[in-house]
1. If you check A183, A270, A280, A227, which single one turns out to be among the aliphatic types (A, V, I, L, M), touching an Asp or Glu at 6+ places or on another chain (Cβ under 8 Å) and either in a loop (DSSP other than H, G, I, E, B) or away from the ligand (no atom under 15 Å from the Cβ) (or both)?
2. Please count how many residues of segment 323-350 are within 22 Å of L431 (Cβ to Cβ) and open to solvent by 20 Å² or more (accessible area, probe 1.4 Å).
3. Test G120 against the criterion of being open to solvent by less than 60 Å² (accessible area, probe 1.4 Å) and either over 41 Å from the mean Cα position of the chain (by Cα) or closer than 23 Å to D210 by Cα (or both), and give yes or no.
4. Give segment 44-83 a look and list any residue that's of a type in the set (A, V, I, L, M, F, W, C) and under 26 Å from P8 (Cα atoms), or say none.
5. Cβ contacts < 8 Å: first residue under 10 Å from G208 (Cα atoms), restricted to segment 24-35; second residue in a helix (DSSP H, G or I), any location; separation 6+ or different chain. Result?
6. So, in segment 201-222, of the ones that are away from the ligand (no atom under 12 Å from the Cβ) and assigned to a loop (DSSP other than H, G, I, E, B), which residue ends up surrounded by the most Cβ atoms within 10 Å (Cβ to Cβ)?
7. Does G70 meet the test of being under 13 Å from the mean Cα position of the chain (by Cα), within 11 Å of the ligand (Cβ to nearest atom) and not hydrophobic (A, V, I, L, M, F, W, C)?
8. So which of A25, A59 ends up being within 16 Å of the ligand (Cβ to nearest atom), in contact with a Pro (Cβ under 8 Å, 6 or more places away or on another chain), of a type in the set (G, A, S) and assigned to a helix (DSSP H, G or I)?
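The values are calculated or read from the model by the stated rules, or taken from the named source; none is laboratory data. On a predicted model such as this, the values are computed, not experimentally measured, just so you know. In this analysis, Cβ positions are derived from the backbone assuming ideal geometry, glycine residues included, and neighbour counts consider all displayed protein chains. In case anyone asks, the SASA skips ligands and DNA or RNA and just uses the protein heavy atoms, side chains included. Shrake-Rupley method; radii C 1.70, N 1.55, O 1.52, S 1.80 Å.
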Amino acid sequence: MSKSATPPILRFAPSPTGLLHVGNARTALYNALYARRAGGTFILRYDDTDLARSTAAFADAIAEDLAWLGLTPDRVERQSDRTARYDAAVERLKAVGRLYPAYETEDELERKRVSRRLRGLPPIYDRAALQLTLEERARLEAEGRVPHWRFKLDGRRVAWDDLVRGEQGVDTAALSDPVLVRADGSYLYTLTSVVDDIEMGVTHVIRGEDHVTNTGVQIEIIEALGAVAPAFGHHNLLTLPNGEGLSKRLGHLSLRALREAGEEALAVAALAVLTGTSLAVEPAASLDELAGWIDLSKISRAPARFDPNDLAALTAATLHGLPYAAVAERLAALGVGGGEAFWLAVRGNLGRLAEAAAWWRVVDGAIAPAAAPDDAAFLQEAAGLLPPAPWDASTYQAWIAAVKPASGRAGRALFHPLRLALTGAESGPELKALLPLIGPEKARARLLGETA
Ligand code: GLU
(Lines give C-alpha, C1' and ligand atoms only; values in the text may rest on other atoms or scores of the structure.)
Protein backbone atom coordinates (compact mmCIF):
# COMPACT_ATOMS: atom_id res chain seq x y z
CA MET A 1 0.00 0.00 0.00
CA SER A 2 2.73 2.48 0.87
CA LYS A 3 5.36 3.33 -1.66
CA SER A 4 8.18 2.13 0.54
CA ALA A 5 8.60 -0.23 3.45
CA THR A 6 8.83 2.64 5.92
CA PRO A 7 5.58 3.49 7.69
CA PRO A 8 3.69 6.26 5.92
CA ILE A 9 3.10 9.71 7.38
CA LEU A 10 -0.17 11.43 6.59
CA ARG A 11 -1.82 14.57 7.75
CA PHE A 12 -5.17 16.27 7.91
CA ALA A 13 -4.69 20.01 7.59
CA PRO A 14 -7.87 21.95 8.31
CA SER A 15 -8.04 25.69 8.65
CA PRO A 16 -9.63 26.44 12.02
CA THR A 17 -12.07 28.88 10.49
CA GLY A 18 -15.25 26.88 10.97
CA LEU A 19 -16.71 23.61 12.15
CA LEU A 20 -15.82 20.40 10.35
CA HIS A 21 -18.56 18.96 8.17
CA VAL A 22 -19.05 15.50 6.81
CA GLY A 23 -17.03 16.40 3.69
CA ASN A 24 -14.05 17.33 5.87
CA ALA A 25 -14.54 14.07 7.74
CA ARG A 26 -14.08 12.28 4.41
CA THR A 27 -10.61 13.78 3.98
CA ALA A 28 -9.65 13.33 7.63
CA LEU A 29 -10.72 9.69 7.61
CA TYR A 30 -8.99 8.77 4.36
CA ASN A 31 -5.73 10.06 5.78
CA ALA A 32 -6.11 8.78 9.31
CA LEU A 33 -7.33 5.33 8.28
CA TYR A 34 -4.63 4.98 5.66
CA ALA A 35 -2.05 5.68 8.35
CA ARG A 36 -3.78 3.40 10.84
CA ARG A 37 -3.93 0.47 8.46
CA ALA A 38 -0.28 0.77 7.51
CA GLY A 39 0.98 1.36 11.06
CA GLY A 40 1.95 4.89 10.08
CA THR A 41 1.64 8.34 11.63
CA PHE A 42 -1.35 10.64 11.45
CA ILE A 43 -0.69 14.32 11.97
CA LEU A 44 -3.34 16.92 12.69
CA ARG A 45 -2.02 20.17 11.34
CA TYR A 46 -3.88 23.38 11.81
CA ASP A 47 -3.49 25.52 8.70
CA ASP A 48 -3.94 28.65 10.75
CA THR A 49 -1.84 31.19 8.89
CA ASP A 50 -4.98 33.18 8.23
CA LEU A 51 -4.87 34.77 11.65
CA ALA A 52 -7.85 37.00 11.02
CA ARG A 53 -10.20 34.06 10.49
CA SER A 54 -8.61 31.28 12.55
CA THR A 55 -9.75 30.86 16.13
CA ALA A 56 -8.69 28.71 19.06
CA ALA A 57 -12.33 27.78 19.58
CA PHE A 58 -12.58 26.29 16.09
CA ALA A 59 -9.27 24.49 16.59
CA ASP A 60 -10.62 22.94 19.79
CA ALA A 61 -13.88 22.04 18.08
CA ILE A 62 -11.94 20.27 15.31
CA ALA A 63 -9.97 18.19 17.82
CA GLU A 64 -13.20 17.35 19.62
CA ASP A 65 -14.97 16.33 16.41
CA LEU A 66 -12.06 14.15 15.32
CA ALA A 67 -12.03 12.50 18.75
CA TRP A 68 -15.75 11.85 18.38
CA LEU A 69 -15.05 10.12 15.08
CA GLY A 70 -12.46 8.05 16.93
CA LEU A 71 -9.43 9.73 15.38
CA THR A 72 -6.58 10.54 17.71
CA PRO A 73 -3.70 12.28 15.97
CA ASP A 74 -0.21 11.01 16.72
CA ARG A 75 1.04 14.54 16.46
CA VAL A 76 -0.54 18.01 16.45
CA GLU A 77 1.05 21.01 14.76
CA ARG A 78 0.06 24.60 14.23
CA GLN A 79 1.35 26.60 11.32
CA SER A 80 1.23 29.74 13.42
CA ASP A 81 4.05 28.23 15.54
CA ARG A 82 6.26 27.62 12.55
CA THR A 83 6.91 31.01 11.02
CA ALA A 84 10.70 30.65 11.26
CA ARG A 85 10.53 27.61 8.95
CA TYR A 86 8.59 29.56 6.36
CA ASP A 87 11.05 32.47 6.63
CA ALA A 88 13.88 30.06 5.84
CA ALA A 89 12.04 28.55 2.88
CA VAL A 90 11.31 31.99 1.49
CA GLU A 91 14.99 32.91 1.69
CA ARG A 92 15.87 29.73 -0.11
CA LEU A 93 13.38 30.34 -2.90
CA LYS A 94 14.69 33.87 -3.30
CA ALA A 95 18.26 32.55 -3.40
CA VAL A 96 17.44 30.13 -6.22
CA GLY A 97 15.65 32.85 -8.14
CA ARG A 98 12.16 31.41 -7.83
CA LEU A 99 10.55 34.13 -5.73
CA TYR A 100 10.15 37.64 -7.13
CA PRO A 101 8.64 40.82 -5.80
CA ALA A 102 5.54 42.21 -7.48
CA TYR A 103 3.99 45.57 -6.76
CA GLU A 104 0.58 45.62 -8.38
CA THR A 105 -2.37 46.56 -6.22
CA GLU A 106 -5.52 44.42 -6.24
CA ASP A 107 -7.16 47.04 -8.48
CA GLU A 108 -4.33 46.98 -10.97
CA LEU A 109 -4.42 43.21 -11.08
CA GLU A 110 -8.15 43.25 -11.67
CA ARG A 111 -7.76 45.71 -14.57
CA LYS A 112 -5.12 43.44 -16.09
CA ARG A 113 -7.41 40.44 -15.81
CA VAL A 114 -10.25 42.29 -17.50
CA SER A 115 -8.04 43.52 -20.30
CA ARG A 116 -6.60 40.05 -20.91
CA ARG A 117 -10.08 38.58 -21.03
CA LEU A 118 -11.13 41.20 -23.57
CA ARG A 119 -8.18 40.21 -25.73
CA GLY A 120 -9.17 36.56 -25.48
CA LEU A 121 -6.22 35.68 -23.25
CA PRO A 122 -6.45 33.62 -20.07
CA PRO A 123 -6.69 35.99 -17.10
CA ILE A 124 -3.40 34.98 -15.58
CA TYR A 125 -0.70 37.24 -14.21
CA ASP A 126 1.37 38.73 -17.03
CA ARG A 127 4.64 38.63 -15.09
CA ALA A 128 5.19 42.34 -15.62
CA ALA A 129 7.06 42.45 -12.30
CA LEU A 130 9.70 40.13 -13.70
CA GLN A 131 10.68 42.83 -16.19
CA LEU A 132 11.27 45.49 -13.55
CA THR A 133 14.80 46.77 -13.26
CA LEU A 134 16.35 47.31 -9.86
CA GLU A 135 15.87 51.05 -10.32
CA GLU A 136 12.19 50.64 -11.10
CA ARG A 137 11.73 48.50 -8.00
CA ALA A 138 13.54 51.06 -5.90
CA ARG A 139 11.31 53.80 -7.29
CA LEU A 140 8.14 51.85 -6.55
CA GLU A 141 9.32 51.17 -3.02
CA ALA A 142 10.24 54.82 -2.58
CA GLU A 143 6.63 55.60 -3.56
CA GLY A 144 5.61 53.50 -0.59
CA ARG A 145 4.69 50.33 -2.42
CA VAL A 146 5.43 47.16 -0.49
CA PRO A 147 5.88 44.07 -2.65
CA HIS A 148 4.14 40.77 -2.39
CA TRP A 149 6.17 37.80 -3.58
CA ARG A 150 5.32 35.42 -6.38
CA PHE A 151 6.71 31.99 -7.13
CA LYS A 152 8.05 31.77 -10.66
CA LEU A 153 6.47 28.69 -12.19
CA ASP A 154 8.46 26.63 -14.67
CA GLY A 155 5.54 26.59 -17.02
CA ARG A 156 5.69 22.88 -17.75
CA ARG A 157 3.48 19.87 -17.47
CA VAL A 158 3.82 18.63 -13.92
CA ALA A 159 2.77 15.00 -13.80
CA TRP A 160 2.15 12.55 -10.98
CA ASP A 161 0.59 9.17 -10.48
CA ASP A 162 -2.44 10.05 -8.40
CA LEU A 163 -3.42 7.54 -5.72
CA VAL A 164 -7.06 8.00 -6.72
CA ARG A 165 -7.11 9.32 -10.27
CA GLY A 166 -4.12 7.61 -11.83
CA GLU A 167 -1.96 9.58 -14.27
CA GLN A 168 -2.50 13.29 -13.68
CA GLY A 169 -0.92 16.40 -15.06
CA VAL A 170 -1.16 20.13 -14.61
CA ASP A 171 0.21 22.57 -17.17
CA THR A 172 1.68 25.29 -15.01
CA ALA A 173 2.15 27.54 -18.06
CA ALA A 174 -1.60 28.10 -17.88
CA LEU A 175 -1.46 29.37 -14.29
CA SER A 176 -0.59 32.63 -12.60
CA ASP A 177 2.63 32.64 -10.66
CA PRO A 178 1.20 32.10 -7.18
CA VAL A 179 1.66 34.70 -4.47
CA LEU A 180 3.45 33.00 -1.57
CA VAL A 181 4.09 36.05 0.61
CA ARG A 182 1.56 38.84 1.02
CA ALA A 183 2.58 42.48 1.18
CA ASP A 184 2.05 42.38 4.94
CA GLY A 185 4.63 39.60 5.16
CA SER A 186 2.15 36.84 5.91
CA TYR A 187 2.47 33.53 4.11
CA LEU A 188 -0.04 31.77 1.94
CA TYR A 189 -1.16 28.22 2.40
CA THR A 190 0.45 27.16 -0.89
CA LEU A 191 3.87 27.73 0.65
CA THR A 192 3.32 26.81 4.27
CA SER A 193 1.68 23.52 3.41
CA VAL A 194 4.63 22.51 1.23
CA VAL A 195 7.21 23.49 3.84
CA ASP A 196 5.38 21.49 6.48
CA ASP A 197 4.85 18.45 4.29
CA ILE A 198 8.58 18.39 3.54
CA GLU A 199 9.72 18.94 7.12
CA MET A 200 7.22 16.56 8.68
CA GLY A 201 8.20 13.85 6.22
CA VAL A 202 4.66 13.51 4.89
CA THR A 203 4.64 10.59 2.46
CA HIS A 204 1.03 10.69 1.26
CA VAL A 205 -1.29 13.65 0.80
CA ILE A 206 -4.92 12.69 0.35
CA ARG A 207 -7.21 15.65 -0.19
CA GLY A 208 -10.17 16.85 -2.22
CA GLU A 209 -10.04 17.11 -5.98
CA ASP A 210 -10.43 20.87 -5.65
CA HIS A 211 -6.69 20.78 -4.90
CA VAL A 212 -5.54 19.15 -8.15
CA THR A 213 -4.27 22.41 -9.64
CA ASN A 214 -2.60 23.29 -6.34
CA THR A 215 -0.76 20.02 -6.51
CA GLY A 216 0.84 20.94 -9.83
CA VAL A 217 2.03 24.20 -8.31
CA GLN A 218 3.08 22.66 -5.04
CA ILE A 219 5.14 19.94 -6.71
CA GLU A 220 7.08 22.70 -8.44
CA ILE A 221 7.65 24.47 -5.12
CA ILE A 222 8.67 21.23 -3.40
CA GLU A 223 11.23 20.57 -6.11
CA ALA A 224 12.47 24.18 -6.02
CA LEU A 225 13.11 23.60 -2.30
CA GLY A 226 15.20 20.57 -3.19
CA ALA A 227 12.78 17.99 -1.85
CA VAL A 228 10.94 15.01 -3.29
CA ALA A 229 7.19 15.26 -3.65
CA PRO A 230 5.01 12.92 -1.59
CA ALA A 231 2.40 10.72 -3.24
CA PHE A 232 -0.80 12.64 -3.89
CA GLY A 233 -4.37 11.38 -4.04
CA HIS A 234 -7.38 13.56 -4.83
CA HIS A 235 -10.77 12.25 -3.84
CA ASN A 236 -14.09 13.38 -5.23
CA LEU A 237 -16.08 15.76 -3.10
CA LEU A 238 -19.27 14.93 -1.22
CA THR A 239 -22.31 16.72 -2.54
CA LEU A 240 -25.99 16.81 -1.65
CA PRO A 241 -28.47 14.94 -3.87
CA ASN A 242 -29.04 18.10 -5.95
CA GLY A 243 -25.31 18.32 -6.63
CA GLU A 244 -24.79 21.22 -4.24
CA GLY A 245 -21.43 21.09 -2.49
CA LEU A 246 -21.05 21.03 1.26
CA SER A 247 -19.85 24.21 2.76
CA LYS A 248 -19.18 25.43 6.21
CA ARG A 249 -22.49 27.23 6.03
CA LEU A 250 -24.34 23.93 6.01
CA GLY A 251 -24.46 23.81 9.77
CA HIS A 252 -26.74 20.79 10.06
CA LEU A 253 -24.11 18.65 8.38
CA SER A 254 -21.38 19.79 10.72
CA LEU A 255 -19.99 16.92 12.75
CA ARG A 256 -21.09 18.74 15.87
CA ALA A 257 -24.69 19.00 14.68
CA LEU A 258 -24.73 15.35 13.64
CA ARG A 259 -23.36 14.34 17.01
CA GLU A 260 -25.96 16.44 18.80
CA ALA A 261 -28.67 14.91 16.62
CA GLY A 262 -27.65 11.51 17.98
CA GLU A 263 -26.09 10.13 14.80
CA GLU A 264 -23.49 7.46 15.42
CA ALA A 265 -19.90 8.48 14.72
CA LEU A 266 -19.26 5.19 12.96
CA ALA A 267 -22.25 5.74 10.72
CA VAL A 268 -21.04 9.22 9.81
CA ALA A 269 -17.59 7.77 9.15
CA ALA A 270 -18.93 4.99 6.95
CA LEU A 271 -21.07 7.41 4.99
CA ALA A 272 -18.21 9.87 4.66
CA VAL A 273 -15.72 7.40 3.22
CA LEU A 274 -17.86 4.86 1.36
CA THR A 275 -20.11 7.27 -0.54
CA GLY A 276 -18.83 7.94 -4.04
CA THR A 277 -16.83 4.73 -4.21
CA SER A 278 -17.59 1.40 -5.85
CA LEU A 279 -18.07 -0.04 -2.35
CA ALA A 280 -21.50 -0.37 -0.76
CA VAL A 281 -22.35 2.15 1.95
CA GLU A 282 -22.87 -0.15 4.91
CA PRO A 283 -22.41 -0.06 8.65
CA ALA A 284 -19.02 -0.91 10.09
CA ALA A 285 -18.45 -2.44 13.51
CA SER A 286 -15.27 -0.43 14.08
CA LEU A 287 -12.96 2.08 12.45
CA ASP A 288 -10.50 -0.74 11.92
CA GLU A 289 -13.05 -2.62 9.90
CA LEU A 290 -13.77 0.52 7.88
CA ALA A 291 -10.05 1.06 7.38
CA GLY A 292 -9.81 -2.44 5.95
CA TRP A 293 -12.51 -1.69 3.37
CA ILE A 294 -11.10 1.54 2.07
CA ASP A 295 -9.30 1.35 -1.21
CA LEU A 296 -8.35 4.66 -2.80
CA SER A 297 -8.51 3.15 -6.26
CA LYS A 298 -12.22 2.45 -5.69
CA ILE A 299 -13.07 6.11 -5.26
CA SER A 300 -15.02 7.19 -8.30
CA ARG A 301 -14.39 10.23 -10.46
CA ALA A 302 -17.98 11.42 -10.39
CA PRO A 303 -19.17 13.58 -7.49
CA ALA A 304 -19.94 11.64 -4.33
CA ARG A 305 -23.63 12.36 -3.91
CA PHE A 306 -25.25 11.46 -0.64
CA ASP A 307 -28.61 12.02 0.96
CA PRO A 308 -28.38 13.28 4.54
CA ASN A 309 -31.67 11.48 5.16
CA ASP A 310 -29.87 8.15 4.75
CA LEU A 311 -27.82 8.85 7.81
CA ALA A 312 -30.53 7.98 10.32
CA ALA A 313 -30.94 4.51 8.82
CA LEU A 314 -27.19 4.02 8.77
CA THR A 315 -26.99 5.10 12.41
CA ALA A 316 -29.65 2.54 13.31
CA ALA A 317 -27.97 -0.21 11.29
CA THR A 318 -24.65 0.63 12.92
CA LEU A 319 -26.12 0.40 16.42
CA HIS A 320 -27.71 -2.95 15.59
CA GLY A 321 -24.27 -4.44 15.04
CA LEU A 322 -22.20 -2.70 17.71
CA PRO A 323 -20.63 -4.93 20.34
CA TYR A 324 -21.26 -4.04 23.98
CA ALA A 325 -17.67 -2.95 24.56
CA ALA A 326 -18.08 -0.24 21.93
CA VAL A 327 -20.96 1.40 23.80
CA ALA A 328 -20.48 0.44 27.46
CA GLU A 329 -19.17 3.84 28.52
CA ARG A 330 -21.82 5.76 26.69
CA LEU A 331 -24.57 3.56 28.14
CA ALA A 332 -23.23 4.15 31.62
CA ALA A 333 -23.28 7.89 30.95
CA LEU A 334 -26.96 7.57 30.01
CA GLY A 335 -27.61 5.81 33.31
CA VAL A 336 -28.28 2.54 31.49
CA GLY A 337 -27.27 -0.66 33.29
CA GLY A 338 -27.89 -4.27 32.49
CA GLY A 339 -24.53 -4.99 30.97
CA GLU A 340 -24.07 -6.94 27.80
CA ALA A 341 -27.28 -8.94 28.16
CA PHE A 342 -29.36 -5.77 28.14
CA TRP A 343 -27.42 -4.30 25.22
CA LEU A 344 -27.79 -7.41 23.11
CA ALA A 345 -31.49 -7.51 23.95
CA VAL A 346 -32.25 -3.95 22.83
CA ARG A 347 -29.66 -2.87 20.25
CA GLY A 348 -31.67 -4.23 17.33
CA ASN A 349 -34.53 -1.90 18.21
CA LEU A 350 -32.62 1.32 18.52
CA GLY A 351 -32.68 4.19 16.07
CA ARG A 352 -30.45 6.26 18.34
CA LEU A 353 -28.32 5.15 21.25
CA ALA A 354 -30.21 7.41 23.66
CA GLU A 355 -33.34 5.31 23.12
CA ALA A 356 -31.65 2.58 25.16
CA ALA A 357 -32.54 4.65 28.24
CA ALA A 358 -36.27 4.15 27.63
CA TRP A 359 -35.82 0.39 27.36
CA TRP A 360 -33.73 0.45 30.48
CA ARG A 361 -36.66 2.03 32.31
CA VAL A 362 -38.85 -0.80 31.01
CA VAL A 363 -36.43 -3.27 32.51
CA ASP A 364 -35.38 -1.46 35.62
CA GLY A 365 -38.03 1.16 36.33
CA ALA A 366 -41.77 1.37 36.51
CA ILE A 367 -44.12 1.44 33.53
CA ALA A 368 -47.71 2.61 33.31
CA PRO A 369 -50.14 -0.30 32.95
CA ALA A 370 -51.11 -0.58 29.29
CA ALA A 371 -53.00 -3.87 29.01
CA ALA A 372 -56.58 -3.87 27.74
CA PRO A 373 -59.17 -4.62 30.47
CA ASP A 374 -60.51 -7.49 28.37
CA ASP A 375 -57.21 -9.27 28.71
CA ALA A 376 -57.06 -9.09 32.50
CA ALA A 377 -58.18 -12.67 33.09
CA PHE A 378 -55.82 -14.03 30.47
CA LEU A 379 -52.91 -12.08 31.94
CA GLN A 380 -53.72 -13.27 35.42
CA GLU A 381 -53.65 -16.83 34.17
CA ALA A 382 -50.34 -16.17 32.42
CA ALA A 383 -48.92 -14.72 35.63
CA GLY A 384 -49.78 -17.92 37.42
CA LEU A 385 -47.81 -19.90 34.87
CA LEU A 386 -44.58 -17.89 35.14
CA PRO A 387 -41.74 -20.38 35.64
CA PRO A 388 -39.88 -20.39 38.95
CA ALA A 389 -36.68 -18.36 39.30
CA PRO A 390 -33.89 -18.26 38.33
CA TRP A 391 -34.75 -17.04 34.85
CA ASP A 392 -32.60 -17.34 31.79
CA ALA A 393 -32.82 -17.23 28.00
CA SER A 394 -35.02 -20.33 27.91
CA THR A 395 -37.61 -19.03 30.40
CA TYR A 396 -39.80 -17.22 27.90
CA GLN A 397 -40.19 -20.25 25.66
CA ALA A 398 -41.00 -22.50 28.59
CA TRP A 399 -43.58 -19.99 29.79
CA ILE A 400 -45.24 -19.61 26.39
CA ALA A 401 -45.31 -23.39 26.03
CA ALA A 402 -47.43 -23.45 29.18
CA VAL A 403 -49.58 -20.36 28.51
CA LYS A 404 -50.54 -21.35 24.98
CA PRO A 405 -52.41 -24.58 25.72
CA ALA A 406 -53.81 -23.28 29.01
CA SER A 407 -55.31 -20.17 27.42
CA GLY A 408 -56.12 -21.64 24.04
CA ARG A 409 -54.67 -18.47 22.52
CA ALA A 410 -52.21 -18.28 19.67
CA GLY A 411 -50.58 -15.68 17.44
CA ARG A 412 -51.29 -12.03 18.11
CA ALA A 413 -54.02 -12.78 20.65
CA LEU A 414 -51.40 -14.60 22.67
CA PHE A 415 -48.33 -12.44 22.26
CA HIS A 416 -49.65 -8.89 22.00
CA PRO A 417 -51.33 -8.65 25.43
CA LEU A 418 -48.26 -10.18 27.06
CA ARG A 419 -45.95 -7.66 25.41
CA LEU A 420 -48.22 -4.75 26.23
CA ALA A 421 -48.53 -5.77 29.86
CA LEU A 422 -44.84 -6.53 30.34
CA THR A 423 -43.32 -3.58 28.48
CA GLY A 424 -46.07 -1.00 28.14
CA ALA A 425 -45.28 -0.83 24.43
CA GLU A 426 -46.82 -2.20 21.24
CA SER A 427 -43.50 -3.39 19.91
CA GLY A 428 -39.91 -3.63 20.95
CA PRO A 429 -37.08 -6.01 21.66
CA GLU A 430 -37.72 -9.74 21.80
CA LEU A 431 -39.53 -10.73 24.99
CA LYS A 432 -37.32 -13.78 25.15
CA ALA A 433 -34.41 -11.47 25.94
CA LEU A 434 -36.34 -8.90 27.96
CA LEU A 435 -38.19 -11.23 30.30
CA PRO A 436 -35.20 -12.44 32.31
CA LEU A 437 -34.02 -8.84 32.58
CA ILE A 438 -37.40 -7.67 33.86
CA GLY A 439 -37.37 -10.50 36.38
CA PRO A 440 -40.14 -12.49 38.15
CA GLU A 441 -41.30 -9.84 40.59
CA LYS A 442 -41.91 -7.07 38.08
CA ALA A 443 -43.24 -9.46 35.46
CA ARG A 444 -45.85 -10.82 37.84
CA ALA A 445 -46.91 -7.39 39.04
CA ARG A 446 -47.23 -6.06 35.51
CA LEU A 447 -49.31 -9.03 34.37
CA LEU A 448 -51.58 -8.50 37.35
CA GLY A 449 -52.05 -4.86 36.41
CA GLU A 450 -50.13 -3.49 39.36
CA THR A 451 -47.87 -0.55 38.72
CA ALA A 452 -44.32 -1.87 38.45
N1 GLU B 1 -6.07 23.83 4.71
C2 GLU B 1 -6.24 23.21 3.42
C3 GLU B 1 -7.70 22.92 3.22
O4 GLU B 1 -8.40 22.77 4.19
C5 GLU B 1 -5.43 21.94 3.36
C6 GLU B 1 -5.34 21.35 2.01
C7 GLU B 1 -4.28 20.27 2.01
O8 GLU B 1 -4.60 19.17 2.47
O9 GLU B 1 -3.17 20.53 1.59
O10 GLU B 1 -8.17 22.88 2.10
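1. Working: A183 fails: touching an Asp or Glu at 6+ places or on another chain (Cβ under 8 Å); A280 fails: touching an Asp or Glu at 6+ places or on another chain (Cβ under 8 Å); A227 fails: touching an Asp or Glu at 6+ places or on another chain (Cβ under 8 Å).
Selected residue: A270, the only one of A183, A270, A280, A227 that is among the aliphatic types (A, V, I, L, M), touching an Asp or Glu at 6+ places or on another chain (Cβ under 8 Å) and either in a loop (DSSP other than H, G, I, E, B) or away from the ligand (no atom under 15 Å from the Cβ) (or both).
2. Step one: of segment 323-350, the residues within 22 Å of L431 (Cβ to Cβ) are 324, 331, 336-350.
Filter again for open to solvent by 20 Å² or more (accessible area, probe 1.4 Å), leaving 324, 337-341, 344, 347-349.
Going through segment 323-350 one residue at a time, the tally reaches 10.
3. Values: open to solvent by less than 60 Å² (accessible area, probe 1.4 Å): no; either over 41 Å from the mean Cα position of the chain (by Cα) or closer than 23 Å to D210 by Cα (or both): yes.
No: the conditions fail for G120.
4. Start the filter on segment 44-83 by keeping residues that are of a type in the set (A, V, I, L, M, F, W, C), which leaves 44, 51-52, 56-59, 61-63, 66-69, 71, 76.
Result: L44, A59, I62, A63, L66, A67, W68, L69, L71, V76.
5. N24/L255; R26/A272; R26/V273
6. T203
7. Working: under 13 Å from the mean Cα position of the chain (by Cα): yes; within 11 Å of the ligand (Cβ to nearest atom): no; not hydrophobic (A, V, I, L, M, F, W, C): yes.
Judged against the criteria, G70 is not a match.
8. Numbers: A25 fails: in contact with a Pro (Cβ under 8 Å, 6 or more places away or on another chain).
When all the criteria are applied, what remains is A59.
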